[in-house]
Amino acid sequence: MKQLMEFELYKIFKQRTVYITFFLLLLFSTGFTFNHSTEMERQLYKDWEGPITKEKIELAEKEYQNLMKVLDQRAEGGQSGHIITDQEQTQSGIYETIAFIKNSEQRLKNRYKEIQQDNNYNTELEKSMIQKVDLSYFSYNEGPRETVDYASTYALLITGAMLLIGLSTTYTQEYSSKVDRYILSSSKGRESLLWSKIMAALIYACSIVLITETFNLICNGIRFGYDGWTSPIQNMPTYFFSNYSFTLIEFHLIQLGIHLLAAFSFALLIILVSSLCKNSFISFMINGVIFALPYWFVESMNLPTWLDDVFSFSFLYIMKVEFLFHHFNTVNLFGIPLLYPVVALIWILFVSSVVVIVSSKVIKNKEVTI
């Protein structure tokens, strides 16, 4: 079994296409821009770092109004080429961020009052979650925010593409080379081979995710620093309406875990499709459609909300993670509220189990090609 798994890993990692594509995707993910924070920018944030008091909010509003007046006067004076300096742009960002955090905090308070008298199946859960959210502290967190955003965009594309390229030929290689007549010669051999392919695929998926994550942390850490990981996720516009009381570091670890589990599940499906196809290109296309088609349905078609949610529980969106946390959403299971992240994990485990069972039956009943 161990030797079979090592051989399957060798077949995956010997593909030059894997390395070339991975390198190009990582390079593409930089956007070919290498903007970074300056010492001046970090120091300006440092001056405002700390608890967000009423006095600090009022001062930020006053400073922002003064800055807007200066910019308006400069524009009226014909200095269109130098309307705003880097320092002023950073200051403007600080004032807007403080106002943004305050608005997010106020929204949660208003939502709590709104559901105070409700008696829905998930009301108590939502209220308890809101009470745990703490938005009282302000700090510079550009690095963590960029890292979290990268994991929901570029990392998703990289993982999906690399799984398709590396695993779509899992079984089709054997069919095209006629090796299947040997490996399918006994039911015991078929079962051992299937599990060796599954283990190799999971190791490959884990390698892709971890290498991409390492690149993500190093790249954004160098550009923007590692300060601010204890900031709440509501500091990001994407999670402005979130009721989850996670810091950026807590959320990113959860994000990475869900991303990895979804990658595992998609890898298993690719193996199943590959076992059913005799042509590598067809296997690649079918898996690619399964991965990307939900995006077209959700983003391009005006679907009912419930159907939109159904398509959102696809490999692509669960691997993206974002939609699971940007709002308070639950599924009613006999009066028990299940949060979307919990539903997603249950769904992933269910799909993975079904795919493995079906793959096993397909391989056991597979006939040797002639």
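Just so it is clear, none of the values below were taken in a lab; they were calculated from the coordinates. Owing to the predicted nature of the structure, the values given are computational and were not obtained by experimental measurement. Cβ coordinates were reconstructed from backbone atoms using ideal geometry, including for glycine residues, and neighbour counts include every protein chain displayed.
Some values worked out for this structure:
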read-out: Which of ILE357, ILE282 has the fewest Cβ neighbours within 10 Å, and the rest in rising order; value: ILE357, ILE282
read-out: Lysine pairs within segment 38-139, Cα separation less than 14 Å, 8 or more sequence positions apart or different chains; value: 7
read-out: Segment LEU210-LEU24, length gained on full extension (0.36 nm per residue, minus Cα span); value: 65.3 nm
read-out: Along principal axes, Cα extents of the chain, largest first, whole Å; value: 81, 54, 38
read-out: Tail beyond 14 Å, pair distance distribution of segment 1-47 (Cα, percent); value: 71
read-out: Test item: Cα-centred dipole of the chain, Lys/Arg +1 and Asp/Glu -1 on Cβ, debye; value: 1820
read-out: Potential extension, ALA75-ASN110 segment - 0.36 nm per residue separation minus Cα distance; value: 8.7 nm
read-out: Cα-centre dipole for segment 38-139 with unit charges at Cβ (Lys and Arg positive, Asp and Glu negative), debye to 20; value: 320
read-out: Globularity index of segment 38-139, i.e. its alpha-carbon radius of gyration over 2.2 N^0.38 Å; value: 1.46
read-out: Burial ordering of LYS320, LYS197, fewest other beta-carbon atoms within 10 Å first; value: LYS320, LYS197
read-out: Listed residues VAL310, VAL331, VAL321, most fluctuating in the chain (Gaussian network, C-alpha, under 10 Å); value: VAL310
read-out: Where chymotrypsin sites (Phe, Trp or Tyr not before Pro) in DSSP loops with at most 11 other Cβ within 10 Å are excluded, longest remaining stretch of the chain; value: 35-333
read-out: Fewest-first ranking of THR147, THR305, using other Cβ atoms within 10 Å as the exposure measure; value: THR305, THR147
read-out: Helix-only CD estimate at 222 nm, as mean residue ellipticity for the chain, using -39500 (n - 2.57) per DSSP H run (n ≥ 4); value: -23500 deg cm²/dmol
read-out: 3J(HN,Hα) from dihedral phi, segment 9-15, Karplus parametrisation 6.51/-1.76/1.60, rounded to Hz, x for glycine, proline; value: 5, 4, 5, 6, 7, 7, 6
read-out: Cross-link partners of LYS361 among aspartates and glutamates (Cα-Cα below 17 Å; sequence separation of 8 or more within a chain); value: ASP180, GLU191
read-out: Degrees between helix 142-152 axis and first principal axis of the chain (Cα, 0 to 90, nearest 10); value: 30
read-out: Separation in nanometres of the label points that stand 7 Å from Cα toward Cβ, at SER128 and MET40; value: 5.0
read-out: Extension gain, VAL358 back to ILE249 (0.36 nm per residue minus Cα-Cα distance, nm); value: 35.5 nm
read-out: Sites matching GluC sites (Glu not before Pro) across segment 7-109 that sit in DSSP coil, with at most 15 neighbouring C-beta atoms within 10 Å; value: GLU49
read-out: Positive-end residue, the chain charge dipole about Cα centroid, Cβ charges, pick of VAL273, ASN235, LEU217; value: VAL273
read-out: Among LEU125, TYR45, THR90 the positive-end extreme of the charge dipole of segment 38-139 (Cβ point charges); value: LEU125
read-out: Nonlocal amide H pairs with TYR137, under 5 Å, H built at 1.01 Å; value: ILE52
read-out: Top of GLY93, GLY221, GLY257 by mean-square fluctuation, Gaussian network on the chain, Cα under 10 Å; value: GLY93
read-out: Where N is the number of residues in segment 1-95, Cα Rg divided by 2.2 N^0.38 Å; value: 2.03
read-out: In order through segment 280-296: 3J(HN,Hα) via Karplus (6.51 cos²θ - 1.76 cosθ + 1.60), integer Hz, x for Gly, Pro; value: 5, 5, 5, 4, 4, 5, 4, 5, x, 5, 4, 6, 8, 4, x, 4, 5
